[in-house]
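Q: Below is one structure. I have some questions about it.
The values are calculated or read from the model by the stated rules, or taken from the named source; none is laboratory data. From a predicted model like this one, the values you see are computed outputs, not experimental measurements. FYI the Cβ positions are ideal-geometry reconstructions off the backbone, even for glycines, and counts take in every protein chain you see.
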Amino acid sequence: MTSLTLALDAMGGDHGPHVTVPAALRALKSHSSLKIILVGDKTEIDVYLHQAEQELLSRIEVIHTDEVVSMSDRPVHALRTRKNSSMRLSIELVRDGRAAACVSAGNTGALMAMAKVLLKTLPGVDRPALVSCLPSVTQKPVYLLDLGANISCDSETLFQFAVMGSVLCEAVDKKSRPKVALLNVGTEEIKGNDQVQQAAQILQNTDQINYTGFIEGDEIYSGNVDVIVCDGFVGNITLKTSEGIAKLLVHQLKRGLTQGFFVRFLAKLIAPRIQAVLSQMNPDHYNGASLIGLRGIVVKSHGNADETAYLQAISLAVTEAQRRLPEMIKDRLESILLDINN
């Protein structure tokens, strides 16, 4: 099997090497052809490598830097001044062809700014989009984009997001002609602002995208569609609200199962099933947001991700690299634009 190299911003996130390095070692155990470049403070990184198996260490390279992008750094400031940061060096490894993808749990705004400047957008793509998957009642993932990379979008940008989201779903889930919908305040054709209305018209005339129409917020988790498109303002609020509701439900369920002797006894009997339900509701189970539309692969992990959640982000990066996601998006967009122009 052809080897694959990932670049990890080892210092990014709330926990830095305490999470990123053990997660990297677990990823290496799961993927025998994987190589990882850890970028960050070598002294801190080595603390978590000294007991690792020699075979795993043979597939790890450490690039030292003691500069880090902080969570409080503004994107423009980070872009101009953090030129030797672990985040920037990780992205540069992708740009220079030394790594197939980059994973970071660091400052989202800085990551997007650096990635866009260093990697550039694909031909036909005006803006990259941040996309992640949500759970659904049908047990299949639902992809939502944009999650905050672009606060406002015109109809052409929403159309491009629909194409990129469709290709992502095809690549990661190997799904043929995924169903795509625009998030709106109603399902009727007359509903929505001008941008959404115009995007709908473009999609209706695009045979290569399986556009199904508008979808409302209460249908996001229904599993009736595979890809949901909106601007970054709506998408970010939707995602954060979803995560908040999931945490509330987990809290309420745990609280309810500890009240009363009979309830506690029953909870012990069905503990495995309860744990499975809680796992499905845990946002960490779906950790990893992809910044798509670039000439390289960048995956953003939650800043507070634990080892298992960060491993999920690494696995997503591996899948996208194996499927050659940027090339798939480029080819599909070129084909669709050719059809439209003809």
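Q: Would you check if there is a residue in region 119-126 being of a type in the set (Lys, Arg) and assigned by TED's automatic domain parsing to the domain that holds GLN312? Show your work before the answer.
A: Of region 119-126, the ones of a type in the set (Lys, Arg) are 120.
Filter once more, so that each one left must be assigned by TED's automatic domain parsing to the domain that holds GLN312: 120.
Checking region 119-126: at least one residue is of a type in the set (Lys, Arg) and assigned by TED's automatic domain parsing to the domain that holds GLN312.
Q: Looking only at region 136-173, filter to residues that are charged (D, E, K, R) and within 17 Å of the chain's Cα centre (by Cα); which one of those is farthest from ASP226 (Cα to Cα)?
A: Filtering region 136-173 down to residues charged (D, E, K, R) leaves 140, 146, 154, 156, 170, 173.
Restricting the remaining residues to those that are within 17 Å of the chain's Cα centre (by Cα) gives 140, 146, 170, 173.
Details: LYS140: 8, ASP146: 14, GLU170: 10, ASP173: 10 Å.
The residue in question is ASP146.
The rows are residues; the columns are (1) buried (at least 24 other Cβ atoms within 10 Å of the Cβ); (2) over 12 Å from the mean Cα position of the chain (by Cα); (3) more than 14 Å from ALA99 (Cα to Cα).
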site	(1), (2), (3)
ASN287	yes, no, yes
ILE292	yes, no, yes
HIS302	no, no, yes
THR308	no, yes, yes
GLN312	no, no, yes
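Q: To continue, here is another question. Keeping to region 231-257, report how many residues are without any contact (Cβ under 8 Å) to a residue 60 or more places away in the chain, surrounded by fewer than 19 Cβ atoms within 10 Å (Cβ to Cβ) and assigned to a helix (DSSP H, G or I).
A: 16
Q: Looking only at region 8-29, which residues are closer than 12 Å to ALA105 by Cα and touching a strand residue (DSSP E or B) at 6+ places or on another chain (Cβ under 9 Å)? Step through it out loud before you land on a result.
A: Taking region 8-29 first, the residues closer than 12 Å to ALA105 by Cα are 8-17, 19-20.
Across region 8-29, the qualifying residues are LEU8, ASP9, ALA10, MET11, GLY12, GLY13, GLY16, PRO17, THR20.
Q: Could you check region 171-230 and list, in sequence order, the residues that are without any contact (Cβ under 8 Å) to a residue 24 or more places away in the chain and at positive phi?
A: LYS174, GLY192
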